[in-house]
Amino acid sequence: MWFFLVSDALTFGGLLVSYGFIRHKYVDVWPKAENVFTHFPFVEQHLPLAYVGLMTFILIMSSVTMVLAVEAGHRNDKKKVIVWMFWTIVGGATFVGSQAWEWFHFIVGTETGALRHVWSQELGTYVEQTVYGANMVVNEYGVPQFANYFFFITGFHGFHVFSGVVINFIIFLNVIKGTYERRGHYEMVEKVGLYWHFVDLVWVFVFTFFYLL
Amino acid sequence: MSEFHDDYPSYEHMAHHSEEDGKKARRTLWNVFWIMLAITVFELVIGSMAPSRGWSGTMWLKVLFIGLTIAKAAAIVLWFMHLGHEVKFFKYVILAPYILFITYTIFIILVEGVYSGDPQNRTRVDPILIQQQLDLKAGHGHHDAAPEGSHSGEQHEETHH
C-alpha cells in the first residue's frame, strides 16, 4: 500500500505543480477563491470559504474515525471497528456530496455573469458575450485555466474519495461478516485506513492551493 | 514444512496492543485531531480577513499557509498513517525520494512559470491569453474580476480590490 501511495502522491504532486506553473504564468488575472466559492446551503448571504471549511472538517473528522477503527482493530474489538468504520463511510459520502454541490454552484455561476470574448466557429473570430459560471471553455470568474485545473484536480481527488468510500464499504461488510475476526487480525482495515488518510492528505494540499492561496 | 523467516516481526505479533496502550493511543490521536482542527480554523479566519486588510498575495501569507499545510500533512503521515512508528529505513525509503523529486520539480516549474508569464515571453506563444487579459483588465462590470490599479512588476503581487 505504501508504494502505491508514493506513486499516487507523485501523480497528485505533478498535477499540483503544473497548477503552480499556470498559476504563476497567469498571476495577474487569476481569480480569487473567496470571490468564487461564496455559497453555503440554506443561507442567503455570501459566506466566502465557509462551506469548504466545513468540507475540510468533515474529511479530517472521517480520517480520525478511520484511525480509531484501526486502533480498535488492534484490540480485536469488532463492535468498535464497525462503529468507527460506519462513521468513516458516512463522512466520506458527505464529502463527495458536498463536492458535487460545490461544482454545481461553480458551473451555474452568478446571476449577473460577466462579459468575455468567446471564440465563434462561424465567424472565425472572438465575439463578446455574457458568460455565466465556469466550464472547460469559458469562466465567468477569471481565466478558463482556473476552471480546467479546478475540475481536473478536485475531480481526480473526488474520484479517489469515491473509490475510498466503496473500498471502505467492502471492508466494512467483511468486518460485519466476521472475516477478520476469524483471521485473527484486522490488517485489511489498516490498509484501507492508509488509503483513506492519503486521500485526506491530498485534500489538505488541494484546500491550501485552490482555496487559500 | 519450513517457512520463510526474516527478523521482521509478522503483522499478528506487531499489530496487537492491550487496553491501556489503546487508551494512550486514542488520547494521542484525538490530540492530533484537535491541533489539526485548530490549524484549519485559523487558516480560514486568516483567509477570510486577508482581502479586506490587503494581505492577499503577500509573501508572508503564502509562507504561513504553506507552512501550516506541511505541518498538517506531517501530522497525518506520522500519526494517522503511523509512519512515525515504522522502522527507520522504511521511513526514508518512502520519504526521501518523494521529497527530493518534488522539491526539485516545484523549484524548476515555478521558475519556468514565472518566465513564461512575463509579457515579453508570452506574446509569441499564447495569443488567446492577451484577449483574456484584456477582458479581465477591463473588468466589464464584473465585480469580482475587475482589478484596480495596474499590475506591478513583482511576480508574487496579486491584484487587490
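A short reminder: the numbers here are calculations on the coordinates, not readings from a lab. Since the structure is predicted, the reported quantities are computational estimates derived from the model, not experimental observations. When we count neighbours, we look across all protein chains shown, and the Cβ atoms used for this are built from the backbone with ideal geometry, even at glycine.
Quick notes on this one:
- Residue B:106 paired with residue B:45, simple spin-label distance in nm, labels 7 Å along Cα-to-beta-carbon: 2.6 nm
- Sequence-separation-based contact order of the range A:2-212, relative, with Cα cut under 8 Å and 6+ spacing, percent: 24 percent
- Counting, for every residue in B:69-81, the Cβ atoms of other protein chains within 10 Å of its Cβ and taking the mean gives 6.
- Which of A:132, A:175, A:152, positive extreme of dipole for chain A (C-beta unit charges): A:175
- The range A:10-94: relative contact order as a whole-number percent, Cα under 8 Å and 6+ apart: 19 percent
- Lys/Arg +1, Asp/Glu -1 at C-beta; the range A:47-112 dipole; positive extreme among A:82, A:52, A:110: A:82
- About its Cα centre, the dipole of the range A:32-156 is roughly 720 debye, where the only charges are +1 on Lys and Arg Cβ and -1 on Asp and Glu Cβ.
- Between the C-alpha center of the range A:64-138 and that of the range A:5-27 there is a gap of 19 Å.
- Per-residue mean of C-beta atoms belonging to partner chains within 10 Å, peptide A:67-75: 6
- Loop-located GluC sites (Glu not before Pro) in the range A:97-163 whose Cβ has at most 10 other Cβ within 10 Å (DSSP): A:111, A:122
- Size of charge dipole - chain A - debye, nearest 20, with Cβ of Lys, Arg +1 and Asp, Glu -1, no other charges: 840 debye
- Placing +1 on the Cβ of every Lys and Arg and -1 on the Cβ of every Asp and Glu, with nothing else charged, gives the range B:19-85 a dipole about its Cα centre of roughly 160 debye.
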